[in-house]
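S.K.: Can you keep this structure in mind? I'll have questions shortly.
The values are calculated or read from the model by the stated rules, or taken from the named source; none is laboratory data. This one's a predicted model, so the numbers in the text were calculated from it and none came from an experiment. Methodologically, a virtual Cβ is constructed for each residue, glycine included, from the backbone with ideal geometry; neighbour enumeration extends over all protein chains shown. Side chains are part of the model used for accessible areas, which takes the heavy atoms of the whole protein and leaves out ligands, DNA and RNA. Shrake-Rupley method; radii C 1.70, N 1.55, O 1.52, S 1.80 Å.
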Amino acid sequence: MDNAPITASLLLHLAQLPSLQTLRANTSTITQDEWQPPGASDGSALGVCFSRLVELALTHQSMLTASLSIIKALHSPALQSMSVTVRDGTISTRLLKELFEALVASPAKLNLRSVYVEGDRLEEDDAVTSDTLSPLATLRGLTRVAVWELTLGPEVIDESFTSPLDLVGLLPLARRCPALTTLAVAIHADALRIPHSYHAHRPGKGSTQTALTSLDVGQSRIHDEVVVASFLSDVFPDLHRVVDTIPDKPVRWMTLMPSGWRAVGWYYIPMFVRLRK
């Protein structure tokens, strides 16, 4: 059902099926006001919705609010995978954080393994920060987190009133999600944003997260490969796949060594890990 949009009445019918385990739905024709889960219209407590759902994938043409209202009504402790896509429209990080908080408040908290959010763009002067992602740090069973395409261009980052997610902002996820193997999120990897205390001492302060093996940073810019790799290698020593989608990366003259983020994963992180042993 992820291609043709479904109606609110059909969604309500699906929500009450006791054996439904997988739902992939295009909810572009549903507004937040139209979606009334059982009990919501008369002000009473919400009834049981999607009680045995294991996988949920919601797509909307332009809004996050409809998907958010559906997720708030989830009542499945078996949910392992949640995906939300907004094809064309702005997303506010306030609603994004509210979505993550709804997952934390749901019965799926203990079993949720994968959280994937993809959008077209953020609202002006908005940015995904460590505070935006903070609710996910309480989902200790997570193995995959992707907050995708919600990036800011470098000209917006420099002028933005909101501080984007940086390397230090990854630490709460590292410390509280020990099973996390895959992370996809835009990072403002400016070495100047790392506080002096993290240079003077090991960033992880002796603790490491050894599950993370893959980091996808999209079109995030990187300003100092060596410093960034030193930081990441101390916290994520088994990280060996670091990729981006920045086009036309320069090739260093007279060497086959890659540059940018790929140099971080391919060369510098393994080098720092060996030096620390």
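S.K.: Spot the failing condition for A127; the list is (1) at pLDDT 95 or above; (2) buried (at least 17 other Cβ atoms within 10 Å of the Cβ), and only one is missed.
M.R.: Every condition holds for A127 apart from (1).
S.K.: Out of everything in the stretch 61-72 that is part of a loop (DSSP other than H, G, I, E, B) and either touching a helix residue (DSSP H, G or I) at 6+ places or on another chain (Cβ under 7 Å) or of a type outside the set (A, V, I, L, M, F, W, C) (or both), what residue ends up being nearest to S28 (Cα to Cα)?
M.R.: Applying the filter and picking the extreme gives Q61.
S.K.: Which count do you get for residues in the stretch 41-60 that are assigned to a loop (DSSP other than H, G, I, E, B) and either closer than 25 Å to N111 by Cβ or modelled with pLDDT of 90 or more (or both)?
M.R.: Looking only at that region, the number is 9.
S.K.: Only one residue in H60, H75 is within 19 Å of the chain's Cα centre (by Cα) and of a type outside the set (A, V, I, L, M, F, W, C), so which one is that?
M.R.: Details: H75 fails: within 19 Å of the chain's Cα centre (by Cα).
The conditions single out H60.
S.K.: Something else now. Quick one: V185 ticks every box in (1) in contact with a strand residue (DSSP E or B) (Cβ under 7 Å, 6 or more places away or on another chain); (2) modelled with pLDDT under 90 except a single one, so which number is it?
M.R.: (2)
S.K.: Follow-up. What number of residues within the stretch 8-32 satisfy the criterion of being under 15 Å from S69 (Cβ atoms), part of a loop (DSSP other than H, G, I, E, B) and modelled with pLDDT of 65 or more?
M.R.: 5
S.K.: Sticking with this structure for a sec: Can you work out which of the residues in the stretch 171-186 that are assigned to a helix (DSSP H, G or I) and hydrophobic (A, V, I, L, M, F, W, C) is surrounded by the fewest Cβ atoms within 10 Å (Cβ to Cβ)? Please lay out each step first, then the result.
M.R.: From the stretch 171-186, those assigned to a helix (DSSP H, G or I) are 171-176; that's our starting set.
Restricting the remaining residues to those that are hydrophobic (A, V, I, L, M, F, W, C) gives 171, 173-174.
Values: L171: 19, L173: 22, A174: 21.
If we take residues in the stretch 171-186 being assigned to a helix (DSSP H, G or I) and hydrophobic (A, V, I, L, M, F, W, C), then L171 is surrounded by the fewest Cβ atoms within 10 Å (Cβ to Cβ).
S.K.: Tell me, which residue of the stretch 75-95 that is part of a strand (DSSP E or B) and open to solvent by less than 10 Å² (accessible area, probe 1.4 Å) is farthest from R24 (Cα to Cα)?
M.R.: The residue in question is I91.
S.K.: Out of the stretch 116-140, which residues are part of a loop (DSSP other than H, G, I, E, B) and of a type in the set (A, V, I, L, M, F, W, C)? Steps first, please.
M.R.: Taking the stretch 116-140 first, the residues part of a loop (DSSP other than H, G, I, E, B) are 119-120, 123-129, 139-140.
Across the stretch 116-140, the qualifying residues are A127, V128, L139.
S.K.: Within the stretch 52-70, which residues are open to solvent by 40 Å² or more (accessible area, probe 1.4 Å) and among the polar types (S, T, N, Q)?
M.R.: Q61, S62, listed by residue number.
S.K.: Let me ask you something else. Looking at D238 and the list (1) open to solvent by 30 Å² or more (accessible area, probe 1.4 Å); (2) in contact with a Phe, Trp or Tyr (Cβ under 6 Å, 6 or more places away or on another chain); (3) modelled with pLDDT of 90 or more, which single condition is not satisfied?
M.R.: Every condition holds for D238 apart from (2).
S.K.: Quick test of your reading of the structure: I222 fulfils all but one of (1) of a type in the set (A, V, I, L, M, F, W, C); (2) open to solvent by 10 Å² or more (accessible area, probe 1.4 Å); (3) at pLDDT 90 or above. Name the failing condition by number.
M.R.: All conditions pass for I222, except number (3).
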